[in-house]
1. Select from the stretch 17-71 the residues that are aliphatic (A, V, I, L, M), part of a loop (DSSP other than H, G, I, E, B) and touching a Leu at 6+ places or on another chain (Cβ under 8 Å) and list them in ascending order.
2. With (1) away from the ligand (no atom under 15 Å from the Cβ); (2) exposed (fewer than 11 other Cβ atoms within 10 Å of the Cβ) as the list, and Lys15 as the residue in question, which single condition is left unmet?
3. Considering Arg11, Arg63, Arg24, which residue is in contact with a helix residue (DSSP H, G or I) (Cβ under 9 Å, 6 or more places away or on another chain) and among the basic types (Lys, Arg)?
4. Can you find a residue in the stretch 34-54 that is without any contact (Cβ under 8 Å) to a residue 24 or more places away in the chain and among the acidic types (Asp, Glu)?
5. Among the residues of the stretch 19-38, which ones are under 10 Å from the mean Cα position of the chain (by Cα), farther than 18 Å from Met1 by Cβ and near the ligand (Cβ under 8 Å from one of its atoms)?
6. Out of Leu43, Leu7, I need the residue that is under 9 Å from the mean Cα position of the chain (by Cα) and either away from the ligand (no atom under 13 Å from the Cβ) or open to solvent by 60 Å² or more (accessible area, probe 1.4 Å) (or both). Which one?
7. What residue, among those in the stretch 48-58 that are surrounded by fewer than 18 Cβ atoms within 10 Å (Cβ to Cβ) and under 18 Å from Met1 (Cα atoms), is farthest from the ligand (Cβ to nearest atom)?
8. Of the numbered conditions (1) open to solvent by 40 Å² or more (accessible area, probe 1.4 Å); (2) modelled with pLDDT under 95, Cys28 satisfies every one except a single condition; which is it?
Amino acid sequence: MKILSFLEKNRITFKKIGQNYVCRCPICKGDNQLHKHNAQINLNFNSIYCFSEGKVYFASDIRSAVRGKVL
Ligand SMILES: [Zn+2]
């Protein structure tokens, strides 16, 4: 599944800024100190890069991280 469809399906909102898609990292979502668009979406790799954590997440990582939580 494409990353954007995946995010949409999981009600993770994203926004297009210039050439890039950004979103709030669903992993560190609960931290209100963080910028609301602290992750960049990589369409080529179907992943997101969280600037706050310096980590790359794929759909499967996000799925297991948010499992059981209300998004
Ligand atoms: Zn994060």
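1. Listed by number, the list holds a single entry, Leu43.
2. (2)
3. Details: Arg11 fails: in contact with a helix residue (DSSP H, G or I) (Cβ under 9 Å, 6 or more places away or on another chain); Arg24 fails: in contact with a helix residue (DSSP H, G or I) (Cβ under 9 Å, 6 or more places away or on another chain).
Just a single option satisfies the conditions, and that option is Arg63.
4. For the stretch 34-54, residues without any contact (Cβ under 8 Å) to a residue 24 or more places away in the chain and among the acidic types (Asp, Glu): absent.
5. Hits for the stretch 19-38 are Cys25, Ile27, Cys28, Lys29, Asn38.
6. Leu7
7. Phe58
8. Of the numbered conditions (1) open to solvent by 40 Å² or more (accessible area, probe 1.4 Å); (2) modelled with pLDDT under 95, the odd one out for Cys28 is (1).
The values are calculated or read from the model by the stated rules, or taken from the named source; none is laboratory data. Note that the structure is a prediction, hence the values are computed from the model and not measured. A quick note on method: Cβ atoms are made from the backbone with ideal geometry, for glycine too, and the neighbour counts reach across all protein chains shown. Note: areas computed on protein heavy atoms with side chains; ligands, DNA, RNA excluded. Shrake-Rupley method; radii C 1.70, N 1.55, O 1.52, S 1.80 Å.
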